[in-house]
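The values are calculated or read from the model by the stated rules, or taken from the named source; none is laboratory data. Please read these numbers as outputs of a predicted model, since none were measured by experiment. Note that we place each Cβ from the backbone using ideal geometry, even for glycine, and neighbour counts take in every protein chain shown. Please note that ligands, DNA and RNA were not included when accessible areas were found on the heavy atoms of the full protein model with its side chains. Shrake-Rupley method; radii C 1.70, N 1.55, O 1.52, S 1.80 Å.
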Amino acid sequence: TTVNVRSPEGQPTGQGGTGTAGLQITFGGSAPAIGSLTVTPAASPLVAYLAGDSTVCDQPAAPYTGWGQYLPTHLRNGAVVANYGDSGESSGSFLSNSALFPRMKPLIKSRDLVFIQLGHNDKQTTATAFRDNLTRLVNGVRERGGVPVLMT
């Protein structure tokens, strides 16, 4: 399995706490056990970046979770999810907050997917401003060679 490790863990702005530095591995079930474990850096994984709000982000405690927390379990080895979703974000705040799109954009490589789900917190945003913000996000992803995917 390949995983993305970010700092801070959880939501990029530190909402809900920043977690513990490094990779956290949890074993569950009635009799958790492990025979061996090897951790090595992935050379060049295909990355699926997530840009969104509370419905997407890594929430601090179950059962309250964003869908982005479940996505990694559905990827093949060599592909990872980098969840930059953050509670309360609108299209405009996602673009302007230095912990969000400005931090994510330089990391995007050719063929990386960027799933963009914003709009819930854009209730006070005009249609023109919302469209302009989405256009800026899409163009920013394309500038890096990434593949933008708009989601609703």
Relative to the first principal axis of the alpha-carbon coordinates of the chain, what is the inclination of helix 127-143, with its axis defined by its Cα atoms, in degrees from 0 to 90 and to the nearest 10? 50
Size of the dipole of region 44-152 about the Cα centre, Lys and Arg at +1 and Asp and Glu at -1 on the beta carbon, nothing else charged, in debye to 20? 380
Per DSSP H run of at least 4 residues, take -39500 (n - 2.57); add these up for the chain, divide by its residues and hand me the 222 nm value, nearest 500 deg cm²/dmol. -5000 deg cm²/dmol
Note to self: with every protein chain in place and a 1.4 Å probe, the chain gives an accessible area per residue in Å² of 58
With all protein chains modelled, accessible area of Met151 [1.4 Å, Å²]: 60
Sorting Ser96, Ser7 on solvent-accessible surface, 1.4 Å probe, most exposed first, gives Ser7, Ser96
For the chain, modelled as a Gaussian network with Cα springs under 10 Å, which listed residue fluctuates most, Ser110, Ser87, Ser54? Ser110
Within region 9-71, what whole-number % of the accessible surface is contributed by carbon and sulfur, with the 1.4 Å probe and all protein chains included in the calculation? 58
Taking the Cα-to-Cβ direction at Asp132 and at Asn97 and moving 7 Å from each Cα, how far apart do the two end points lie in nm? 2.1
Which sequence of Leu37, Leu134, Leu107 reflects their accessible areas, 1.4 Å probe, from the largest down? Leu37, Leu107, Leu134
In the set (i) 29, 18, 13; (ii) 26, 19, 14; (iii) 44, 15, 12, which value of semi-axes √(5λ) of the Cα gyration tensor in Å was calculated from the structure you see? (i)
